[in-house]
1. Please tell me if Asp91 is closer than 20 Å to Leu53 by Cβ and of a type in the set (Asp, Glu).
2. Just checking, which of Arg40, Arg65 is within 15 Å of Asn106 (Cα to Cα) and modelled with pLDDT of 95 or more?
3. Kindly list, by first and then second residue, each pair from a residue in the stretch 132-153 that is farther than 16 Å from Leu53 by Cα to a residue that is part of a helix (DSSP H, G or I), limited to pairs with Cβ atoms under 8 Å and residues at least 6 apart or on different chains.
4. Hey, can you tell me all the residues within the stretch 61-74 that are open to solvent by 40 Å² or more (accessible area, probe 1.4 Å) and outside any helix (DSSP H, G or I)?
5. Might you let me know whether the stretch 69-78 holds any residue that is in contact with a Lys or Arg (Cβ under 9 Å, 6 or more places away or on another chain) and among the aliphatic types (A, V, I, L, M)?
6. Restricting to the stretch 87-131, name every residue that is of a type in the set (Lys, Arg) and crowded, with 19+ Cβ neighbours inside 10 Å.
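The values are calculated or read from the model by the stated rules, or taken from the named source; none is laboratory data. A quick note: this is a predicted structure, and the numbers were derived from the prediction, not measured. A quick note on method: Cβ atoms are made from the backbone with ideal geometry, for glycine too, and the neighbour counts reach across all protein chains shown. SASA here: full protein model, heavy atoms, side chains in, ligands and nucleic acids out. Shrake-Rupley method; radii C 1.70, N 1.55, O 1.52, S 1.80 Å.
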Amino acid sequence: MKKTIVLMLTLTSLVSSLIASELKPLNLEEYVKSFDLKERTKMKVKTAEMLVLLESKEAVLIDIRFKEEYEVWNMPFSKNIPLNELPNRLDELPKDKLIITACPHNDRANIARIYLKTKGYNVRYLSDGLLKVADFLRGDNAVEFLQELKKDN
């Protein structure tokens, strides 16, 4: 019985990975027409939930600020792909994970989310912004997050 459950979980994971790796582009007009309350909720993620998703390796954080902004201050667990470079750097994004786009507040992050959504990515934007992450990750929270992030590496 245990072997069957493990096999089923393995197959489910494999099928999910294959499905996730096939990006299904979406026409912007179709996306706007199908936009509803459920999508409004699904498109956002707040700091605490994002950190859990990063710890569990289910998501990656893409900081879409300009290089100069990123160089001045950044989250070392993020990847910098400036918004204006995003169309030419899609090959750097994993197809099998949730992409979380972020900027200090959320304006550019949401633009990036919409763009990536139309390209078929599973994407959300950090609704409370990188400034909230910086505020949250102080003291014990920073220590705990780094310990969890480094597990299994």
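1. Criteria not met by Asp91.
2. Arg65
3. The qualifying pairs are Lys132/Thr47.
4. Within the stretch 61-74, Phe66, Trp73, Asn74 meet the criteria.
5. No, that holds for no residue.
6. Arg108, Arg113, Lys117, Arg124
For (1) among the aliphatic types (A, V, I, L, M); (2) in contact with a Ser or Thr (Cβ under 7 Å, 6 or more places away or on another chain); (3) modelled with pLDDT under 70, each residue gets a yes or a no:
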| residue | (1), (2), (3) |
| --- | --- |
| Lys3 | no, no, yes |
| Leu9 | yes, no, yes |
| Leu26 | yes, yes, no |
| Thr47 | no, no, no |
